[in-house]
Each structure stands twice: as C-alpha cells, then as structure tokens.
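For reference, the structure is listed below as structure tokens.
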Amino acid sequence: MVAYADVGIELKPEFLKAVYFILKEQAGVRPGERVLILSDSKTPQHVTVAFRGVAMQLGASAFDLKVPSAPHPAYQPAFEWDPLTIAAASQADVIIDMAVGYAVFLAKLAAQGKRVIMPGDATGAPHIEDSLVRCLLLEDQHALRDEGMAIKRIMDAGSVLEIKSQAGTDYRVDISDLTANVFSGFMFDAAGVQVSNYEITPGSMPGFWLPKGRGDGVMAMDGLLLYDNVHELPKSPILFEIVKGRIVNVSGDPYLSVRLADWLKRLDDEAAYNGPVHANIGLSRMARLTEHLEFERVRGAMTFGFGDSSILSDAYGYDPATTSKSGVHWDAQILSGSLSIDGKAISVDGIVQSCNPTSE
Ligand SMILES: [Fe+2]
C-alpha cells in the first residue's frame, strides 16, 4: 500500500533543527510571544516537547495542550471542538497545530490575525518527526517557495486550468477570476514582511480553492484516495465524471470505486459530491505517499478536495455563497497526469516542468 516511514520514539537531534526552522524561519516566533502547541494522542511526546523547548529558546512563552483526538481527516469539518481548546488557542499569538487541522475556530482565529502553522498538515501522525526531518532538512524550502511563487504567477495570469491523463481524460475549470495559493510554509518573505498567517509545512503545493459549481470533465485518479477512515492507492485509476463542479459518476478501479460510491451514498450529504473544491500540485521531492498528509506534497502529484470548503469563508473571507458546506472534506489524487494553464505545461505525465523563477 502506502510507503512506510520511521515511527521511532527517540528524539532525533535533526528534529530540533527542523523545529527551529519552522518556528524561527517559517512562523517567525519572536521573544515575548505566546506559542500554543496543539497535539493529540497520536503525536509522540518528544515531538511536542521539542516544539515547546525550541519556542522557549526563541524567547517565547510556550504551552502545550493535548486535545482529544479528532476523527479521520475526512470528517474534520463536522467535528466540534471543546470550548477549552478554543479558549486556549484564542489567547495565543502563534498556534502550532498538530491535531486540529481543518476547523472553523482555527480559521476564524487566523482571520483575526493569529499565526496558525500546521506542521505535517495537523493530523498528529506518529511519523510526523520523520516526515518533517526528511522534507524540511533534505531539500531547500526557500527554493520550493520560489518555484511555488513562479507557478502561482502563471496560475494568477491564467484563464483555464486543464488536467489530462495518460488514459485520455480531460478536465477543465475557469480560473480567470481566481488567485492561487502557494502554501510554502513561510509566513514572512525574504525581507521579513509578513505575507501570510495560515500555513502548512512542509511546502509547497501551489493551486486554487475553486468556487462551488465550477469545472467539467473526467478525472482519472491514480493516486491516494482519502475518505471515510481509508487511505488507499487504487490498482487502476478511479474515474470521476464532473459536471459543473460536482461528481455525477464514479467508475474505474473495481475495488475502490464501488466502496467510495457506497460511502458517498451512505453519508446522505449532497454537498459531499461537490468538487474539486481545491486543486493543488505538490513540489516536494522528499514527500512520500504515506498516510501522513505529506502525500499531498509529492512532486508532480495533484491533490483535489471534495465536500466542504465553507471553512475557507472564515479563513480567507470568501463569499459563503461560493463555498460548499458539507460534513466531510475528502481528497483524491492524480500522480501521472498533466497540468496546464492556458496551454502552458506545469507538469507533464506527473513530471513538473521548469518554471524557472529566476528568469521571470
Ligand atoms: Fe483537501
């Protein structure tokens, strides 16, 4: 199935370097700030301790809160967090989230100006240490940011995003009025100016949040499928027929297509079929196809979200009428597809093309 990663319980000294990089370089933690570390029972204790210790070293007041474990990421939108968690987070300047993820209260705190960073995409997986060391220390995050920014510029100037598969499927969506996100992990630019306060690390994964009701075609999903309590790689592509931003038919891989369709039907949640609500391409050469959400950063892999996008109204101020309100947010991935913007290739058969940031 998916790749295995190190789940050792002893602190690796390299991890302290990775944590320092996140807190200092990406989140910009300063002396005197309050830093809250959110973790759950899946987060190894030494991971939490490392974040707290390094935050202290940077002169911050550091606190950690072990919250009740949330359900599988697919069910995050409907999960109700205890007021104690929300109250603690509301008192912090910087929130290091390794447990909550896609939640209304964190999005609202970000909209109020709190800095929220999600190492490993906030799912507290046991091998978060291995994932962060591998991705943050073994490749140049600044270069990944620059490459992500170069792709963002192409996306921002574009009108049509098109995805083709080697099997001949084609999906198109109008992006003429949309602005791309980079998700580089950096909250400050090279000059020290704050450019973001809601980040996922490691990066980058440029792409779009897509308004409800937009996008048509067929997508051949040959990468990880995250739904219900499942992370699975299909043996053959799962085909999604999309009409006006909504799945109208699921076919392909005989094992997973039937199970996914059955899950969607049992949810009795019409908005669960909405999507893609986001479309992103990963740039990391070190990310693996693990159960950790690092799989979304795998270089050349495209990840698409379905179901809820309403939480983004809180985080980014999007018009609620353009977002999708669902109890689930699930993801599907294309590994070997081609992505183009107005005909300019961003990736071909899963290989990212040079967008050469320095020449633009
Ligand atoms: Fe997603």
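Rounded to two decimals, what is Rg over Rh for the chain when you use alpha-carbon atoms and the Kirkwood radius?
Rounded to two decimals, Rg over Rh is 0.94.
Which is farthest toward the positive dipole end of segment 13-137 among Leu65, Leu84, Gly53, measuring Cα position about the Cα centre, with Cβ charges +1 (Lys, Arg) and -1 (Asp, Glu)? Farthest towards the positive end: Gly53.
When +1 charges are put on Lys and Arg Cβ atoms and -1 charges on Asp and Glu Cβ atoms, the dipole computed for the chain relative to its Cα centre reaches about 320 debye. Ordering of 156-166, 18-28 by packing is 18-28, 156-166, highest average first (other Cβ atoms within 10 Å, averaged per residue).
What's the whole-number percent of alpha carbon pairs in segment 152-261 lying beyond 20 angstrom? Here the tail beyond 20 Å accounts for 55 percent of pairs. Every helix of 4 or more DSSP H residues in the chain counts as -39500 (n - 2.57), and over all residues that averages to -6000 deg cm²/dmol at 222 nm.
What net charge do the residues around Val328 carry, taking every other residue with its C-beta under 10 Å from that of Val328, with Lys and Arg at +1 and Asp and Glu at -1?
For residues surrounding Val328, the net value is -3.
Please say if segment 13-137 is rounded, prolate or oblate, where rounded means a/c under 1.5 for a ≥ b ≥ c the square roots of the C-alpha gyration tensor eigenvalues, and otherwise the choice is prolate for a/b larger than b/c and oblate otherwise? Taking the square roots of the gyration eigenvalues as a ≥ b ≥ c, segment 13-137 is oblate. Evaluated with a Cβ-only charge set (Lys, Arg +1; Asp, Glu -1), segment 1-116 carries a dipole of roughly 260 debye about its Cα centre, given to the nearest 20. FRET efficiency for Ser354 and Asp170, Cβ-Cβ distance as r, R0 = 22 Å, nearest 0.05? That pair, Ser354 with Asp170, gives E of 0.35. Cβ crowding within 10 Å, taken as a proxy for footprinting-reagent exposure, orders Asp170, Asp308 from fewest neighbours to most as Asp170, Asp308. Summarising the strand pairing of the chain, around 70 percent of its internal DSSP beta bridges are antiparallel. With Cα atoms defining each centre, segment 198-261 and segment 63-113 are spaced 26 Å apart in the structure.
Could you work out the local net charge near Leu38, counting Lys and Arg as +1, Asp and Glu as -1, over the other residues with Cβ closer than 9 Å to its Cβ?
Working: positive: Lys66; negative: Asp40, Asp64, Asp97.
Net charge in that neighbourhood comes out at -2.
Rounded to the nearest 10 degrees, the angle from helix 256-267 to the longest Cα principal axis of the chain is 70 degrees. Ranking of Cys355, Cys135 by neighbouring Cβ atoms within 10 Å, starting from the fewest: Cys355, Cys135. The magnitude of the dipole of segment 86-170, with charges of +1 and -1 set on the Cβ of Lys/Arg and Asp/Glu and taken from the Cα centre, is near 340 debye. Legend: distances between Cα atoms for Lys42/Lys152; Lys108/Lys212; Lys66/Lys152; pairs beyond 24 Å are Lys42/Lys152; Lys66/Lys152. Along the axis of the charge dipole computed for the chain (Cβ charges of +1 for Lys and Arg, -1 for Asp and Glu, origin at the Cα centre), the listed residues Leu144, Leu260, Leu224 are led at the positive end by Leu144.
None of the figures in this text is laboratory data; all of them are computed from the coordinates on show. Predicted, not measured: the structure shown is a model, and the values here were computed from it. Don't worry about glycine lacking a Cβ; one is built from the backbone with ideal geometry, like all the others, and counts go over all protein chains shown.
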